[in-house]
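To keep things clear, I will list the structure first and then write my remarks on it.
The values are calculated or read from the model by the stated rules, or taken from the named source; none is laboratory data. None of these values were measured; they are calculated from a predicted model. Note: ideal-geometry Cβ built from the backbone for every residue, glycine included; neighbour counts use all protein chains shown. The area values use the complete protein model at the heavy-atom level, side chains included, leaving out ligands, DNA and RNA. Shrake-Rupley method; radii C 1.70, N 1.55, O 1.52, S 1.80 Å.
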Amino acid sequence: MANPSLKIENARYILTVDAERRIVRDGSILIEDGRIRRVGKASELSGAPADRVIDARQLVVTPGFLNGHMHISYAHPVRGIFPDDMGSPLDHVFNLQAAMTEEEEYKASLLGVLELVKNGTVCFLDPGSTKFPDACLQAYADAGIRVITGECVTDLEGRLTLPRYSAKEATDRTASFIEKWHGRLEGRIHAWAMPFSPETCSADLLRSLKRVADEHGTGLTLHHGSGPQARKDYQARHGRRPTEYLESIGVVGPNVLLAHALGLDEAEIECVARTRTAVVMCPITAAKGARGVPEHGRMPELLAKGVKIALGSDSPNNSNHLDIVRSMNMAAIQYKDARQDMRQIPAETALEMATRLGAEALGLGDELGSIEPGKKADLVLFDTQRPEWQALFNPVNNLVYNADGRSVHTVIIDGRVVVDAYRQWFVDEGRLFAAVQEIGERLQARTGITFPRSRWPMV
Ligand SMILES: [Zn+2]
């Protein structure tokens, strides 16, 4: 479908994140048929006409952001209910998830998508949390966002309330899901295999899901972690480290995305790098979840070995927000503190993980992640007429250390303006907020999973 052409004119800065990482001052971008046609100095593009021209004199343009691990669905209606002093809410999380109705999940997902796009995310990966993909498709279609989706499957008994099938059924379901969903919404939907974790899935299931992903030319993602205790357990059970176990059953490679990947040791980092397996890390979840980044976070070592890393926010009850600009900030600052070394994870590296490198990790590097002719026109325009953007000399530092998603002014996906000068038209925000609040009340009443509304007296 032909889209009207669009020109972003006289941008204060364009952070292209192209091969040379050029930052264009006073730049323009011409978009035709949903793709970037030209990028350059405004003077070079001055004669190029377009159906619509956006005056970007006070705007900084970046590639659209990718969020490589975000459980949409249950969390928005009950966001913030878990008090800090209860510790891990994981058992409750899956029980709440299991209790969602189709209508509830649709509205919660619409709110999730709204928060994502308004903070500049153009593509997110839901690791199979969605129970009612048919209903949620409408939310994705309305918002115009890109989604990597799938069906979460397991085949081993476990403590958590996760969808459990026989290995054969889980494999068949995954194959049919991919066949039904992959490529829909003009290619904005990608469908992957999504086993929950190596602890909840048998080797047979993981192997056959990898085969399904390979045969369909898509990807596979799963939760993965290591650490001294996990290495001991895996050594006893499989005679190797957790990451080496995945390699031994063939569940590694460029189309495999390991989520979190905390606690890897040198041999495991080597294994990830050697097999060109991709990783998504969730810096805010790691920090808020007390996951011990100083001890277990290996982002600098993985990057040094050339591993493709995307950033993720995890569920809105893990990070509590879906703002990848804040995730960039956390990635850039938490390793400085953890290693007591300010040179760790420079601002530029954080931006790369949210854009170019993240797109490569998600297998979308040919289409997304940088502002270059031929790529999809997925862009974020930041408003510099705000106090936090002053003074502006180094736009990458300002973006990663000063700003957050609230200065996202305009978002373009596939050449379509999805957020236009802070406004969107795909949903009535006030009505949606009220509906989701009500869903949260109902969900807590129905499941009995509820907590005092504050540790302080509410009068
Ligand atoms: Zn997860």
TODO: Give, to the nearest whole percent, the P(r) tail of the range 264-381 beyond 16 angstrom, counting all Cα pairs.
DONE: 61
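Please find the FRET efficiency linking D85 to Q385, where r is the Cβ-Cβ separation and R0 is fixed at 56 Å, and quote it to the nearest 0.05. Can you show the working numbers first?
Working: r = 41 Å, r/R0 = 0.74.
Given R0 = 56 Å and the Cβ-Cβ separation, E is 0.85.
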Open item on the list: With just the Cα atoms defining each centre, how far is the range 243-314 from the range 437-451? Give it in Å.
Closed with: 35
Task: For the chain: accessible area per residue (Å², 1.4 Å) - done: 40
Task: Residue-level accessible surface for R237, protein heavy atoms, 1.4 Å, Å² - done: 150
Task: Inter-site label distance for E179 and V53 at 7 Å from Cα along Cβ, in nm - done: 5.2
- [ ] For K375, enumerate residues with amide H under 5 Å from its amide H, sequence gap 5+ or separate chain, H modeled in the peptide plane.
- [x] I36
TODO: Run the 1.4 Å probe and let me know the accessible area of R274, rounded to the nearest 10 Å².
DONE: 130
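If I stretch the segment between D420 and N397 completely, what's the gain in nm (0.36 nm per residue apart, minus their alpha carbon distance), one decimal?
Working: separation 23, 0.36 × 23 = 8.28 nm, distance 2.47 nm.
Full extension of this stretch gives 5.8 nm more.
Treat the range 1-73 as a sphere of radius equal to its Kirkwood radius over Cα pairs and apply Stokes-Einstein at 20 °C in a medium of 1.002 mPa s; give the translational diffusion coefficient in µm²/s, rounded to a whole number.
Details: Rh = 13.1 Å.
It diffuses with D of about 163 µm²/s by this estimate.
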Task: In degrees, nearest ten, helix 324-339 long axis to first principal axis of the chain (Cα) - done: 60
TODO: For n ≥ 4 DSSP H runs only, could you compute -39500 (n - 2.57) per run for the chain, divide by its residues and tell me the 222 nm figure to the nearest 500?
DONE: -10500 deg cm²/dmol
- [ ] Using only alpha carbon pairs under 8 Å that are at least six residues apart, calculate the relative contact order of the range 301-382 and give it in whole percent.
- [x] 25
Task: Amide H within-cut-off set for A191, under 5 Å, with H built and near neighbours excluded - done: T149, H182, G183
- [ ] Could you please state, rounded to a whole Å, how far the C-alpha centre of the range 3-82 is from the C-alpha centre of the range 338-415?
- [x] 10
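Percent of alpha carbon pairs in the chain separated by more than 41 Å? Could the numbers behind the result be given before it?
On the way: 14998 of 105111 pairs.
Of the Cα pairs, 14 percent sit more than 41 Å apart.
Please tell me which of these pairs span more than 18 angstrom C-alpha to C-alpha: K7/K41; K118/K336; K118/K180; K232/K288; K41/K118; K107/K131? Could you put the intermediate results ahead of the total?
On the way: K7/K41 13 Å; K118/K336 29 Å; K118/K180 29 Å; K232/K288 26 Å; K41/K118 27 Å; K107/K131 13 Å.
Beyond 18 Å: K118/K336; K118/K180; K232/K288; K41/K118.
Going by average Cβ neighbours within 10 Å, how do the peptides 124-132, 436-444 rank, with the highest at the top? Don't skip to the end; give the middle numbers.
Values: 124-132: 24.9, 436-444: 16.8.
Result, highest mean Cβ count within 10 Å first: 124-132, 436-444.
Can you give the relative contact order of the range 187-269 as a percent, counting alpha carbon pairs under 8 Å and 6+ residues apart?
Numbers: 111 pairs, mean separation 27.4, N = 83.
Reported as a whole number, the value is 33 percent.
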Task: Karplus-derived HN-Hα couplings along the range 220-229 (A = 6.51, B = -1.76, C = 1.60, θ = phi - 60°), whole Hz, x at Gly and Pro - done: 9, 10, 8, 6, 8, x, 9, x, x, 5
Open item on the list: Output wanted: per-residue J couplings in Hz (rounded whole) for the range 452-459, from phi through Karplus 6.51 cos²θ - 1.76 cosθ + 1.60, θ = phi - 60°, x for Gly and Pro.
Closed with: x, 6, 7, 6, 9, x, 9, 10
Task: Relative contact order for the chain, counting Cα pairs under 8 Å that sit 6 or more residues apart, in percent - done: 20
Open item on the list: Can you give me the % of accessible surface on the range 172-317 that is carbon or sulfur? Probe 1.4 Å, all protein chains present, nothing else counted.
Closed with: 48
